[in-house]
1. Pull up region 41-54, narrow it to residues that are within 21 Å of residue 137 (Cα to Cα) and not hydrophobic (A, V, I, L, M, F, W, C), then point me to the one that is nearest to the chain's Cα centre (by Cα).
2. So which helices (runs of 4 or more DSSP H) stay within region 111-194 end to end and still have 3 or more residues that are within 17 Å of the chain's Cα centre (by Cα) and modelled with pLDDT of 85 or more?
3. What is the residue count in region 41-58 for residues that are closer than 13 Å to residue 147 by Cβ, among the aromatic types (Phe, Trp, Tyr) and surrounded by fewer than 16 Cβ atoms within 10 Å (Cβ to Cβ)?
4. Looking only at region 51-87, which residues are of a type in the set (Asp, Glu) and under 28 Å from residue 100 (Cα atoms)?
5. Being free of Cβ contacts under 8 Å to residues at least 12 places away in the same chain and assigned to a helix (DSSP H, G or I): is that true of residue 75 here?
6. Say whether the condition of being over 18 Å from residue 110 (Cβ atoms), loosely packed, with under 12 Cβ neighbours inside 10 Å and touching a residue at least 40 places away in the same chain (Cβ under 8 Å) is met by at least one residue in region 125-132.
7. Which residue, of 28, 103, 57, is within 13 Å of the chain's Cα centre (by Cα) and either aromatic (Phe, Trp, Tyr) or not in a helix (DSSP H, G or I) (or both)?
8. Looking at residue 109 and the list (1) β-branched (Val, Ile, Thr); (2) within 18 Å of residue 83 (Cβ to Cβ); (3) touching a residue at least 24 places away in the same chain (Cβ under 8 Å), which single condition is not satisfied?
Amino acid sequence: MNLPNKITVSRILLIPIFMLIMLLPTNWGELHAAGESIPVNHLIGAIIFIIASTTDWIDGYYARKLNQVTNLGKFLDPLADKLLVSAALIILVELNDVYAPAWIIIVIISREFAVTGLRLILAGTGEVVAANMLGKIKTWAQIIAVSALLLHNLPFEWINLPFDKIALWVALIFTIWSGWDYFDKNKGIFKNSK
C-alpha cells in the first residue's frame, strides 16, 4: 500500500476514536470563553475531526506529487470522506437536534449512498470515478459545517453570527448539486442497462 493510501486509511482509523470521545457519557467538564462554553470532549472531538479531515488534502497532494494515483485510492478517498462526515453528522443529531436538523442529515447521507451506488455500478463496467471539483467543494463545505457545529459555532458565537447554520445550508446545497451532477454526467449507464 502506497503512502497516500496509508494516509487515507489513517482517516478511517480516526473515526472510531472521534466517535468514542464524542459519545462517552463521562463528564469532561467545559471550557468557558467570552461567556460561551463548550464541553471539553466536543472540543477534543472537533480537533480530531479537523485533523482527520486535513488528511483528505494531504493524501491527494502526495498521490499527485509522487505520481501514486491508484484505483484503490480513487475508491478509498471518497469512502473515507463519506464515513468521517456521516459519522460526525449522525453524532450531531444524537447529541441534540438543534446542532443539525435530522432531515438535513438524511438528505446529505442519502446523497452519499446514492453516489456510492452509482460508483459501484460504474465500477462494474470497469470505470472508476474519481471525485470531481464539485464533489471536492461539497466535501469541504461539509467539513467546514461539521467543524463549526462541533465547535458550537465558536468563535462566531462571540459576534452572534450563526456561521454553523449558514455553513450547514451551504453544505446541503453543494451536496444536492454535486449529487445531481454525478447522476447527470453518468445517466448513460442507466440507458445501457435496459
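The values are calculated or read from the model by the stated rules, or taken from the named source; none is laboratory data. Since we're looking at a predicted model, the values are computed, not measured. With ideal geometry, Cβ positions are generated from the backbone for all residues, glycine too; neighbour counts draw on all protein chains shown.
1. My answer is 53.
2. Details: elements: 133-150, 163-185, 188-191.
Those helices (runs of 4 or more DSSP H) span 133-150, 163-185.
3. 0
4. Keep residues of region 51-87 that are of a type in the set (Asp, Glu), which gives 56, 59, 77, 81.
Those that are of a type in the set (Asp, Glu) and under 28 Å from residue 100 (Cα atoms): 56, 77, 81.
5. Working: free of Cβ contacts under 8 Å to residues at least 12 places away in the same chain: no; assigned to a helix (DSSP H, G or I): yes.
Against the criterion (free of Cβ contacts under 8 Å to residues at least 12 places away in the same chain and assigned to a helix (DSSP H, G or I)), residue 75 does not qualify.
6. Yes, region 125-132 contains at least one residue that is over 18 Å from residue 110 (Cβ atoms), loosely packed, with under 12 Cβ neighbours inside 10 Å and touching a residue at least 40 places away in the same chain (Cβ under 8 Å).
7. Working: 28 fails: within 13 Å of the chain's Cα centre (by Cα); 103 fails: within 13 Å of the chain's Cα centre (by Cα).
So the residue among 28, 103, 57 that is within 13 Å of the chain's Cα centre (by Cα) and either aromatic (Phe, Trp, Tyr) or not in a helix (DSSP H, G or I) (or both) is 57.
8. Against the list (1) β-branched (Val, Ile, Thr); (2) within 18 Å of residue 83 (Cβ to Cβ); (3) touching a residue at least 24 places away in the same chain (Cβ under 8 Å), residue 109 comes up short only on (3).
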